[in-house]
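One structure follows; several queries about it will come next.
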Amino acid sequence: MLYLDHAASGPVRAEVREAMLPFLGDRFGNPSSHHTVGEDAAGALEDARRRVAAVLGMRPGDVVFTSGATEANNLAIKGVAVAALLRHGRPGHVVTTAIEHESVLASVDHLERVHGVRATRLPVDPHGIVDPAVLAGALQDDTVLVSVGYANNEIGTVQDAAALAAVTAGSRIPLHLDAVQAAGWLPLSGTGADALSLAGHKIGAPQGIGVLAVRGRVPLEPVLHGGGQERDRRSGTQNVAGAVGFALALELAERERDAASARVGPLRDAFVARVQTLVPEAVPTGHPTRRLPGTASFTFAGVSGEAVLLELERRGVVSSSGSACAAGSDEPSQVLVALGIAPEVAQTSVRFSFGHHAAGDPTRIADAVAASVAAVRSR
Ligand code: PLP
């Protein structure tokens, strides 16, 4: 099988599994317990926190371990907006974009519905780029947060984080980057962001562990209340094994970043070129150059993307119609619609995402795509 859905989830790396095992065995303590077993777990957790912070260029105290990036995004968005509401005694304004992950868009919807926060969803250009000048024009006197995806999960487009950060820094508004898809491909330190969300299962750690790294100066109201763990920003006993695995996975992803990008980018380019040669009306989506090295996405006129996926799987290729969360729904991708693609064309989309260790002959994958699209078109 050729697995081309790393943007959804990838395998846990062997080294990561190995590093986690003691914490699923003898070293089972609760990091909040005041005895040696608990202190052992707390030590491992704090070591993991330091290592994550080092990769991100942030302080250990900035790192909040969460259950994943959905929770990290909820905490960043609701946490900052509700803290501002409490400080000012009135709901403020938040800015995001039309092409964010559901966990961002739904958090913003929640703020509007429940707290009366106002929200602006910035438009993007046909390649999925957010124009920093448009961001600057959207800021209001009471804007309390800007949340933008560093790299898009459906089309792979990469934003100019530094240019966006220059806009928000000038106005002293915290910038949150959903960096889930960027991790392992793009630099995570020096982005200028005040907060970053990450997910373990996109970088070789397990599902169910993630991080919100948020600079100490950004006031944050917790979303989960309880025992006050994670400096009262995220109550709940920590996933120590997950945090240990996450730290190692992030270090490895960072160490391999340049080599992986240099190897996988050309593989992906060869794949895209061959698909375009073989498949009539195969249109790549996303930015042609400002994109993640491992992601390719297309619309294929006249077919259902879901039908192509089934044909591909029969030929041993596993991919996705876009976001795993939206997969299986009949709705066209909101991301593609926001690029200006007609809803009926958006239904024809297929995304291929390579991992760091992507093997597989791009020619063979492209041939399977061509045969699959032809099979669906001939029905
Ligand atoms: N943000 C982006 C860009 C994603 O691709 C994902 C992936 O599912 C998430 C957030 C949510 O992460 P998690 O699955 O860890 O909740």
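The values are calculated or read from the model by the stated rules, or taken from the named source; none is laboratory data. Note that this is a predicted model, so its numbers are computed, not measured. Because the Cβ atoms are built from the backbone with ideal geometry, glycine has one as well, and the counts that use them run over all protein chains shown.
Please go through the range 188-201 and pick out each residue that is near the ligand (Cβ under 8 Å from one of its atoms) and within 27 Å of A166 (Cβ to Cβ).
S197, A199
Has the range 176-185 got at least one residue that is in a loop (DSSP other than H, G, I, E, B), away from the ligand (no atom under 16 Å from the Cβ) and either touching a residue at least 40 places away in the same chain (Cβ under 8 Å) or closer than 23 Å to D5 by Cβ (or both)?
For the range 176-185, residues in a loop (DSSP other than H, G, I, E, B), away from the ligand (no atom under 16 Å from the Cβ) and either touching a residue at least 40 places away in the same chain (Cβ under 8 Å) or closer than 23 Å to D5 by Cβ (or both): absent.
Among T70, T96, which is assigned to a strand (DSSP E or B) and within 16 Å of the ligand (Cβ to nearest atom)?
When all the criteria are applied, what remains is T96.
Among the residues of the range 105-128, how many are touching a Gly at 6+ places or on another chain (Cβ under 7 Å) and either over 19 Å from V167 (Cα atoms) or in a strand (DSSP E or B) (or both)?
Adding up the residues that qualify gives 3.
Still on this structure: Restricting to the range 46-67, name every residue that is among the charged types (D, E, K, R) and either outside any helix (DSSP H, G or I) or more than 23 Å from T237 (Cβ to Cβ) (or both).
Once the filter is applied, which keeps residues that are among the charged types (D, E, K, R) and either outside any helix (DSSP H, G or I) or more than 23 Å from T237 (Cβ to Cβ) (or both), the range 46-67 yields only R59.
Say we look at the range 126-158 and pick out the residues that are without any contact (Cβ under 8 Å) to a residue 40 or more places away in the chain and of a type outside the set (A, V, I, L, M); which of these is nearest to L85 (Cα to Cα)?
Taking the candidates together, the pick is D141.
Within the range 203-217, how many residues are in a loop (DSSP other than H, G, I, E, B) and either within 11 Å of the ligand (Cβ to nearest atom) or among the charged types (D, E, K, R) (or both)?
So the count comes out to 8.
Check every one of the helices (runs of 4 or more DSSP H) wholly within the range 243-341 and list those with 1 or more residues that are within 16 Å of the ligand (Cβ to nearest atom).
Per the criteria, 334-338.
Could you tell me whether L2 is crowded, with 16+ Cβ neighbours inside 10 Å, more than 16 Å from the ligand (Cβ to nearest atom) and at pLDDT 95 or above?
Answer is no for this residue.
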